[in-house]
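Peer 1: The structure's right below; bear with me while I get my questions together.
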């Protein structure tokens, strides 16, 4: 969030009084960050922004306009600080009135004098309307302070032509003195004389009309006679020809005089009119050059990308000329509006472009709000981003499906440092060919180093038996299925794009997308109202993104969980074989990390529940697949039996079996662990039953493996390393070079392994099952023990039968030698 500056404060103005158009210097604090930050300046209530020149954050120069108030504050308004205050004031003085015949060194506008010729009670001529000395005595200007006079006579004036004329103020200003006391009497006599002069003027005013008539009576008679003679002459002329009449002659004389005058002064008057028009045009251009140059300046600033300057100039022009009635101003302002409308369209196109950063989106929305663009640009941007994210997700799927038929992706997994438990995946080219490059792999490459794919080694490197204990610095190369690479890329895409999408909505809701200008115009409140009305629409957008993410992952990993229509839209993968169990924990970890990233944005849990359901199904599938693969690995242990017996009479088979099951359970440790918001996979009875059956199946498969080994023909047994003499007294310790292994010896070895399984291995595995949260462990152990005991009993009976056959064969001929018939013998009574 931008730093909020303090409001402007005016602490000084120089000069602090003057007439209109006086140039003043304003000083203060926080007067703006630049010319574009200054959006308002009033002095005594008059807008002076047009003449304002921003110098620094503490200085502004301008000219005072025609204000209504005689005295007022200086108010500065900035975009960053708002409307300011003032600790000083400016006094607007009225310009000194200059008479019609008074000389002046500068041009003074003509004053609207009151034409007293229409006043019948006043017979004075117009030129004497404002006599220089109405009292008729000597004027002696005093040095009494003007401010004190204004305080003594508030609202009054010393101008005797004013309606608020104050005689006391006039006498103090024009007839006060600071001379010695001996002249006081002389001044008093002059005031008496002034009173007498005023009385005479009053008497003349009362007697003026009558005396004027008496004194000019003869003149009136002469004028009457002259008018009568003219009248008679005109009547006589009217009976004659018009061409020779006196009226016609008089008219001709006047026309000739007018033509002569025009000829004499036409050139001079023409030059004067042309000069006056040129001067007026230059004054207008100089005074309003801001408006006349604005269309070109807008075009230049748009090309340079200085949109702030354009917006500031447009606001200034709109405040000054938005409601003008002058035609030339209307024409240029219409051109400004045309350029601004083009800017609105340009900014909207840039706003809807994808991809774009959150910073640029906020900037363009703020510009459009300041330009009062139609519609709701912020919501349009949110809709465009939503469509773009969905399109990216489907494009990602399509690109990986196309690559599934091409070269597989190989990865090299190595460790950072000996003290670091995290792994990093580096893509390597396939031997003998180039690595197939996906067009989606370059998107958001900056998050690759923190990808959850680094956790893959902990699950993918698990191997059966002692091979898991290889050196930590060893490097493996293995092939990553396209589905795994797709899930990795898809989640990375959503995690990188959705935060900006969510933050844009939050900014839209709280109004931080808009500037102070938009707040003043009420646009921010309208936006907040629109945001409240569109909450359900945005929730639907988020749900669509979550739904697409989950269904695309299901289509790649769990296609059986989708319907037929959904499978056509979100599926399309070639499922040649089921994903191996070593990749499923990595996929689960990837989805979990994505869920944590989205939850950190404070997205409501109900919108993320669909991801939790996906994680649960993936966990269940991983457990089932891992147990099934474990059973297959156990079945293949029979091929690894080398029949090398240790001092305890055991082969490596029980140890390999235990190690195989333990490693499988360890690979499920992260899957079985419940992260925040997750539920245990063993809560559902059906899953408990399936896990129970698969666990028993693993035990039963190994028991069947032992039974197969005990009855396997000699030709199918690998006895290359066999060197134990089971017929010697040291049955399990001696070694000889006999390469054959009889059935009796195999039975003894298997019986020894069965005994070890019953006493140690099954009990150890039960502890591991309980440690990892498996349900019904006692039942699993009991069923396995029973099956093992049945096998032990059958093998023992088989061994006894094999050992008894020679004895029975040697005794049987003697039994039947005397043809003794046992049927004839009495039944033993036990006595």
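Just so it is clear, none of the values below were taken in a lab; they were calculated from the coordinates. On a predicted model such as this, the values are computed, not experimentally measured, just so you know. Cβ sites come from the backbone with ideal geometry, for glycine too, and all protein chains shown count toward neighbours.
Peer 1: Classify the range 633-682: rounded, prolate or oblate, from the alpha-carbon gyration tensor (a ≥ b ≥ c, eigenvalue square roots; a/c under 1.5 rounded; otherwise prolate if a/b is larger than b/c)?
Peer 2: Since a/c reaches 1.5 and a/b is larger than b/c, the shape of the range 633-682 is classed as prolate.
Peer 1: Highest first, please rank the peptides 495-502, 389-396 by the mean number of other Cβ atoms sitting within 10 Å of their residues.
Peer 2: 495-502, 389-396
Peer 1: Distances longer than 18 Å among the Cα atoms of the range 555-705: what percent of all pairs is that?
Peer 2: That fraction is 66 percent.
Peer 1: Take the alpha-carbon centre of the range 297-355, take the same for the range 542-574, and report the distance between them in whole Å.
Peer 2: That distance is 48 Å.
Peer 1: In the range 9-92, what is the volume of the convex hull around the alpha carbon atoms, normalised per residue and reported in Å³?
Peer 2: Considering the Cα atoms of the range 9-92, their hull volume per residue is 68 Å³.
Peer 1: Taking the number of other C-beta atoms within 10 Å as the exposure measure, put 610, 698 in order starting with the fewest.
Peer 2: Taking fewest neighbouring Cβ atoms as first place, the list is 610, 698.
Peer 1: Moving to a separate point now. Ignoring solvent entirely, what values of log10 I(q)/I(0) come out of the Debye formula for the range 341-393 at 0.12, 0.17, 0.29 Å⁻¹ when each Cα is a single scatterer?
Peer 2: Ignoring solvent entirely, the Cα scatterers give -0.24, -0.47, -1.18.
Peer 1: Shifting gears a bit: Place the peptides 689-695, 26-32 in order of packing, highest mean first, counting for every residue the other Cβ atoms within 10 Å and averaging per peptide.
Peer 2: Final packing ranking: 26-32, 689-695.
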